[in-house]
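Undergrad: Okay, handing you the structure first.
None of the figures in this text is laboratory data; all of them are computed from the coordinates on show. Everything numeric in this text was worked out from a predicted model, so none of it was measured. Glycine gets a Cβ as well: all are built from the backbone with ideal geometry, and neighbour counts include every protein chain shown.
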Number of protein chains: 2
Amino acid sequence: MTVANRKQREKEEMRELILDASRSIFLEKGYHQTSIRNIAEKIEYSPGTIYLYFKEKDDIFHALHEEGFRRLVAQMETLQFVSDPFERLKAMGRIYMDFAKNNKDFYDLMFIMQAPMNMEERDKWEMGDRTLDHLKNVLRDCQATGKFKGYDVEYLSFFIWSSMHGMCALYCRDRCNAYPEEEATTLMHKGFEIFIDMLDKM
Amino acid sequence: MTVANRKQREKEEMRELILDASRSIFLEKGYHQTSIRNIAEKIEYSPGTIYLYFKEKDDIFHALHEEGFRRLVAQMETLQFVSDPFERLKAMGRIYMDFAKNNKDFYDLMFIMQAPMNMEERDKWEMGDRTLDHLKNVLRDCQATGKFKGYDVEYLSFFIWSSMHGMCALYCRDRCNAYPEEEATTLMHKGFEIFIDMLDKM
DNA sequence: CAAAACTACTGAACAGTGTTCATTTTCCAA
DNA sequence: TTGGAAAATGAACACTGTTCAGTAGTTTTG
C-alpha cells in the first residue's frame, strides 16, 4: 500500500511541477509562448512526458484557470466581515476589479480565453459557479433589505457581472487605448464609481 | 498611365480576393483554421503570394476587423431618425447587442481578439473611434436634455460601453454557460432590459 | 537471487503553423 | 524579339501539439 501511496504522491508532485513551470512561463511570456516543449525544457523532461500527466495542453490551462478561481475566492474571503449587503456588493466589485488589474493574465484565462473551456462538461466551472453563487446570495441579501426590489436575481446577477467584466475585458484586451488621453486604470476606477452610483440610485 | 492604373486595380482586386477567402474560412471554421496555406489553397495561389499583398497574417485580420466596424457603423445609420437622445441611446445599445449576436465572430475580432491589434499605431482604431465618438455625442445630447447631469462623458461612455461589451463578451466566449438554465440570448436580452431600466432611473 | 512484468520516460516522427527568399514564370516596353 | 521588371512559386526554416515504438528503471513473482 505504501508503494502505491508514494506513486500517487509522486504523480501529484509531477503534475505540480508541470503546473509551476507552465504558470511561470505563462505569466512571464504569455499564452502563446507557453508551449509543451518550453514547459518540458524548463522541468528538464522530454515533451512526451507531459502527456503522461495531462491529456492535452488545454488541460494544463484548465488547471491554471481553476487556480485563478481559487485565488479570486481567497480574495473574496474578507467579504464576510462586511455586514451591510449593499456595502458587501460594492466591496465585491472592488475585489473583482482589483483582481483583474493585479492578475491580468489569470483574469484573461478565467473569463476571456477559450482554451480552458474546451473540456468535458464535468467540473468545467465548479469554481466559477461558486463565485457566481456568492454574487447571487449577496443580491438576495440586498433584496431582503428592500434593495433591487422586483428584479430577478438570475438576470440581475448576469447584468452586474457583465458590467464589471466589460471594464475588465476591455482592460485586458487593450481596448482602453480607445481613450488615449486616459490611463486605463483611471478609466476602470471612474467607470466603477459611476456603476456604484448607478446601483445606488436603482 | 493606363497600365499603371490597371496594375493598381489588380493589386486591389487581389487583396479583395484574399480577404474574401479569409473571411469565408474565418466565418466558417474560425480563427485558428484560417491559415495562410488554407487561404492560399482557396484562392489557388501559393502561400508566398499572400505576403506580396499583406505584410503578415494579422494584417489580414486587421482588414477584416475594419470591415466589421464598417458593418457596425452601417447598422448605426438608422439612429439618425431617432430624435430623442435617450431613445437614441437605447436604440444604439440594441443595435450594438444585435450586432454581437448576429456577427459573433466579427464582434470577437473587433473587441476581444488581440490579433488585429498588433499593428503600427496608425489608423489602428480609426473606425472604433468613430463609433465611440458617436456614443459620446449621443451622451452629450442626453446631457443637453438634463439627463446624466454632472457626469464626465469620457468616463460615462466608458462605463456604458463596458456594460454592453461585458454581456457581449460573456456571450462570445461561452461564459453564459454559467447559467445552464438560461438561454444565452435570453440572458443578454434581460440583462439589457435591466441596464436600460437602470439608466432610466439615473 | 534471477526472470518476468510493469511503469516511467524518451525522442523521433507526423501533420500542421507563419514567414522568407532564391528561383522561375509572366508581362510589357523598347 | 529581346531585355528588364514585376509577379508568383515552393522549398526551407523554425516553430507548434500530439503520438507511439522503443528503452531504461523499478517492482513483483517464481
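Undergrad: Relative contact order of segment A:1-82, please, whole-number percent, based on alpha carbon pairs below 8 angstrom and at least 6 residues apart.
TA: 25 percent
Undergrad: How far apart, in nanometres, would the label points at A:ASP152 and B:GLN114 be if each is projected 7 angstrom from Cα along the Cα-to-Cβ direction?
TA: Using points 7 Å along Cα→Cβ, the separation is 3.7 nm.
Undergrad: Averaged over peptide A:179-187, how many Cβ atoms belonging to another chain are found within 10 Å of each residue's Cβ?
TA: For this peptide, the per-residue mean of nearby foreign Cβ atoms is 3.
Undergrad: While we're looking at this one, here's another question. Whole number please: convex hull volume per residue, Cα atoms of segment B:31-126, in Å³.
TA: Considering the Cα atoms of segment B:31-126, their hull volume per residue is 119 Å³.
Undergrad: On a 0 to 90 degree scale, rounded to 10, what angle separates helix A:126-144 from the longest Cα axis of chain A?
TA: It works out to around 10 degrees.
Undergrad: Another one. For segment A:84-90, in order, what is each residue's ³J(HN,Hα) by Karplus, 6.51 cos²θ - 1.76 cosθ + 1.60 with θ = phi - 60°, in whole Hz (x at glycine and Pro)?
TA: 5, x, 5, 4, 5, 4, 4
Undergrad: Still on this structure, please answer the following. Residue by residue, what Karplus-based ³J(HN,Hα) values in Hz, rounded to whole numbers, does segment B:155-162 have, using 6.51, -1.76 and 1.60 with θ = phi - 60° and x for Gly and Pro?
TA: Here the 3J(HN,Hα) series is 6, 4, 5, 4, 5, 5, 4, 4 Hz.
Undergrad: To the nearest 0.05, what FRET efficiency results for A:ASN137 and B:ARG70 with a Förster distance of 51 Å applied to their C-beta separation?
TA: 0.70
Undergrad: Pairs of Cα atoms under 8 Å, at least six residues apart: use those to get the relative contact order of chain B, whole percent.
TA: Computed over chain B, the figure is 17 percent.
Undergrad: From zero up to wherever the largest Cα-Cα distance of the protein assembly as shown sits, split into 20 Å bins and tell me the percent of pairs in each.
TA: 24, 53, 21, 2, 0
Undergrad: Let me ask you something else. In degrees from 0 to 90, rounded to the nearest 10, what is the angle of the helix A:184-201 Cα long axis to the longest principal axis of chain A?
TA: 50 degrees
Undergrad: Which aspartates and glutamates have a Cα lying under 18 Å from the Cα of B:LYS201, excluding residues fewer than 8 positions away in the same chain?
TA: A:ASP152, A:GLU193, A:ASP197, A:ASP200, B:ASP84, B:GLU87, B:ASP141, B:ASP152, B:GLU193
Undergrad: Classify segment B:1-54 from the C-alpha gyration tensor, please: rounded if a/c falls under 1.5, else prolate or oblate depending on whether a/b exceeds b/c.
TA: The shape class here is prolate.
Undergrad: Each label point is 7 Å from the Cα along the Cα-to-Cβ direction; what then is the distance between the points at B:ASN38 and B:THR185, in nm?
TA: 2.6 nm
Undergrad: Still on this structure, I have one more. Once you charge only the Cβ atoms, +1 for Lys and Arg and -1 for Asp and Glu, what is the size of the charge dipole of chain B about its Cα centre, to the nearest 20 debye?
TA: Dipole size: approximately 200 debye.
Undergrad: Another question about this same structure. Can you tell me what the convex hull of the Cα atoms of chain A projects to on average, as an area in nm²?
TA: Spelled out: convex hull of the Cα atoms, projected over all directions, averaged, 14.5 nm².
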